[in-house]
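**Q** Mind looking over this structure? Questions follow.
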Amino acid sequence: MNFNFSVPSKVIFEKGSSATVPEVINDLQLNNVLFVYDKGIIDAGIADKVIEPVEKAGINVTHFTGVYPNPTIENVEEGYEIAASSDVDAIITIGGGSSMDCAKAINILLTNPGSIKDYEGRGIVKEKTKPLIAIPTTAGTGSEGTAFTIITDTERQRKMIIAGDNVAADIALVDPELTVGLPPAITAATGMDALTHAIEAFVSKNASIPSNIHALKAIELIVENLEEAVKNGSNIEARENMMLGSLLAGIAFNQAGLGLVHAIAHPLGSHFGVAHGVANAIGLPYVVKYNSDLQSVKEKHVEMASAMGFETEYKSLEIISEEIVSTIVKLSNAVDIPSLKEIGINKENLDEMAVDVTKENSMKFTPRDASLEEVKELLNDIYYETPLIEKV
């Protein structure tokens, strides 16, 4: 039994923890900070709630509010110019995965030379970065607890994965209260993103006992709470459980890696701008079905089924796998995840994209290998919504 496991960020998980930012800044002896967030955080009133106490404490604050969904190299460079010209000594990011990814990439450039393109891969960021505090406002990416950042290279139509010890946030303030006003569609997409993280980490070739423990608990929390969080967003217990599920899923995949669902979702985002959580949700049941052809995956599905809350005794492995697929489909339908056709993707575009899927880094962790032809067939099934089982 061998594994390498770590949690890269100090995590403070508590309702109201976002109000402690001035104290955290003082503890770190910071004087000049850059806040990275987007317009949605402003419109939701979250930015003022977090930033005003910091300004009242006499801390010098600079703002970068131009974060794009699926942040690009140009987006990162714009934020870096603001950070460098202001000579900030730390970054604080408020938002979902896009804001956290953008902030991590900006932080890399503050202490490491060159373009962010130079750091694609794992362990390439050599110089220690400045303090980074992450305040997530969605229960989805788990980026507050991972040593990854995902940046879109628009020229290559590719999402770059940058990973390593000097990428992660130093401190994560996980405050479930910040998600109470999150719109249902965003709650649904980010929640399915977190479920995908947990499932892919659990069946990954690189999974370990610690990652499995985190992944299974994440699956349990998300399956039990996502629909309620979408339909009754003021339910703080459901919101809290979703935040915890997202965090645990992030911790799991930070060590175990992801798989074929993400290999499909990344090109959908970089080629067509599909929201990451939606792309994952659309592909997830098809990839789970595809992977279940492996005996080893079927066996792992027994534990996953228990985490999802249904009985496995006296059932064949095939039936258990089918019930898992059915559960995922029913959950996606219950929270109104759109199809590729509804988003406006053309089938011809998917055939062209298939090559990029096979080149994605996450393919090395997926339990069942997929050739180019198998990827094309899988994308065809996803596009035409080919029935996964006889009844769902």
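The values are calculated or read from the model by the stated rules, or taken from the named source; none is laboratory data. Source: prediction; values computed, not measured. Here the Cβ positions follow ideal geometry from the backbone for every residue, glycine too, while neighbour counts run over all protein chains shown.
**Q** Being more than 19 Å from Ile135 (Cα to Cα) and among the charged types (D, E, K, R) narrows it down to one residue among Glu23, Glu74; which is it? Give the steps one after another, and end with the answer.
**A** Details: Glu23 fails: more than 19 Å from Ile135 (Cα to Cα).
Answer to the check: Glu74.
**Q** Residues that are more than 16 Å from the chain's Cα centre (by Cα), among the aliphatic types (A, V, I, L, M), surrounded by fewer than 24 Cβ atoms within 10 Å (Cβ to Cβ) and within 26 Å of Val288 (Cα to Cα): does the stretch 154-176 have at least one?
**A** No: the stretch 154-176 contains no residue that is more than 16 Å from the chain's Cα centre (by Cα), among the aliphatic types (A, V, I, L, M), surrounded by fewer than 24 Cβ atoms within 10 Å (Cβ to Cβ) and within 26 Å of Val288 (Cα to Cα).
**Q** Taking only pairs six or more apart or across chains, which ones have beta-carbon atoms under 7 Å, a first residue in the stretch 295-310 that is touching a residue at least 12 places away in the same chain (Cβ under 8 Å), and a second residue that is small (Gly, Ala, Ser) and buried (at least 19 other Cβ atoms within 10 Å of the Cβ)?
**A** Close Cβ pairs (under 7 Å, with a partner that is small (Gly, Ala, Ser) and buried (at least 19 other Cβ atoms within 10 Å of the Cβ)) amount to Lys298/Ser292; Lys298/Ser321; His301/Ser292; His301/Ser321.
**Q** Follow-up question, since we're still on this one. Here are Ile264, Ile213, Ile219: which of them is over 19 Å from Arg368 (Cβ atoms), in contact (Cβ under 8 Å) with a residue 60 or more places away in the chain and either of a type outside the set (Gly, Ala, Ser) or surrounded by fewer than 24 Cβ atoms within 10 Å (Cβ to Cβ) (or both)? Explain how you work it out, then say what you get.
**A** Details: Ile264 fails: over 19 Å from Arg368 (Cβ atoms); Ile213 fails: in contact (Cβ under 8 Å) with a residue 60 or more places away in the chain.
Going through Ile264, Ile213, Ile219 in turn, just one is over 19 Å from Arg368 (Cβ atoms), in contact (Cβ under 8 Å) with a residue 60 or more places away in the chain and either of a type outside the set (Gly, Ala, Ser) or surrounded by fewer than 24 Cβ atoms within 10 Å (Cβ to Cβ) (or both): Ile219.
**Q** Please indicate, with yes or no, whether at least one residue in the stretch 31-52 is among the acidic types (Asp, Glu) and under 25 Å from Asn166 (Cα atoms). Reasoning before the result, please.
**A** To start, the set of residues in the stretch 31-52 that are among the acidic types (Asp, Glu) comprises 38, 43, 48, 52.
Adding the requirement that they be under 25 Å from Asn166 (Cα atoms) leaves 38.
Yes; the residues of the stretch 31-52 include at least one that is among the acidic types (Asp, Glu) and under 25 Å from Asn166 (Cα atoms).
**Q** Scan (1) over 23 Å from Val11 (Cα atoms); (2) touching a residue at least 60 places away in the same chain (Cβ under 8 Å); (3) assigned to a helix (DSSP H, G or I) for the single condition Asn70 breaks and write down its number.
**A** Among (1) over 23 Å from Val11 (Cα atoms); (2) touching a residue at least 60 places away in the same chain (Cβ under 8 Å); (3) assigned to a helix (DSSP H, G or I), the lone unmet condition for Asn70 is (3).
**Q** In the stretch 14-26, how many are closer than 16 Å to Ile91 by Cβ and surrounded by fewer than 15 Cβ atoms within 10 Å (Cβ to Cβ)?
**A** Counting residues in the stretch 14-26 that are closer than 16 Å to Ile91 by Cβ and surrounded by fewer than 15 Cβ atoms within 10 Å (Cβ to Cβ) gives 0.
**Q** Here is a follow-up. Only residues that are in contact with an Asp or Glu (Cβ under 9 Å, 6 or more places away or on another chain) and of a type in the set (Lys, Arg): list them for the stretch 101-144, please.
**A** Across the stretch 101-144, the qualifying residues are Lys117, Lys128, Lys130.
**Q** While we're on this one: Do you know which of the residues in the stretch 29-64 that are part of a strand (DSSP E or B) and polar (S, T, N, Q) is surrounded by the fewest Cβ atoms within 10 Å (Cβ to Cβ)? Outline the logic, then answer.
**A** Quick first cut of the stretch 29-64, residues part of a strand (DSSP E or B) only: 32-36, 60-64.
Remaining after also requiring polar (S, T, N, Q): 32, 60, 62.
Details: Asn32: 13, Asn60: 15, Thr62: 16.
Here the answer is Asn32.
**Q** Taking the stretch 305-323, which residues are assigned to a helix (DSSP H, G or I) and out of contact with any helix residue (DSSP H, G or I) (no Cβ under 9 Å at 6 or more places or on another chain)?
**A** Taking the stretch 305-323 and keeping what is assigned to a helix (DSSP H, G or I), we get 305-308, 317-323.
Within the stretch 305-323, just Ile319 meets the criteria.
**Q** I'd like to check something: does the stretch 189-198 contain any residue that is in the same structural domain as Asn291 (by TED's automatic domain parsing), assigned to a loop (DSSP other than H, G, I, E, B) and buried (at least 24 other Cβ atoms within 10 Å of the Cβ)? So that I can check it myself, show each step before the final result.
**A** To start, the set of residues in the stretch 189-198 that are in the same structural domain as Asn291 (by TED's automatic domain parsing) comprises 189-198.
Filter again for assigned to a loop (DSSP other than H, G, I, E, B), leaving none.
No, every residue in the stretch 189-198 fails to be in the same structural domain as Asn291 (by TED's automatic domain parsing), assigned to a loop (DSSP other than H, G, I, E, B) and buried (at least 24 other Cβ atoms within 10 Å of the Cβ).
**Q** Any idea which of (1) surrounded by 20 or more Cβ atoms within 10 Å (Cβ to Cβ); (2) of a type in the set (A, V, I, L, M); (3) touching a helix residue (DSSP H, G or I) at 6+ places or on another chain (Cβ under 6 Å); (4) not in a loop (DSSP other than H, G, I, E, B) is the one Leu331 doesn't satisfy?
**A** (3)
**Q** Let me ask another. Take the residues in the stretch 1-28 that are farther than 22 Å from Asp165 by Cα and in a loop (DSSP other than H, G, I, E, B), then tell me which one is modelled with the lowest pLDDT.
**A** Met1
**Q** On to the next question. Ile236 is checked against (1) closer than 17 Å to Thr138 by Cβ; (2) in contact (Cβ under 8 Å) with a residue 24 or more places away in the chain; (3) buried (at least 18 other Cβ atoms within 10 Å of the Cβ); (4) not charged (D, E, K, R) and fails just one. What number does that condition carry?
**A** (3)
**Q** Looking at the stretch 276-304, which of its residues are crowded, with 24+ Cβ neighbours inside 10 Å and outside any helix (DSSP H, G or I)?
**A** none
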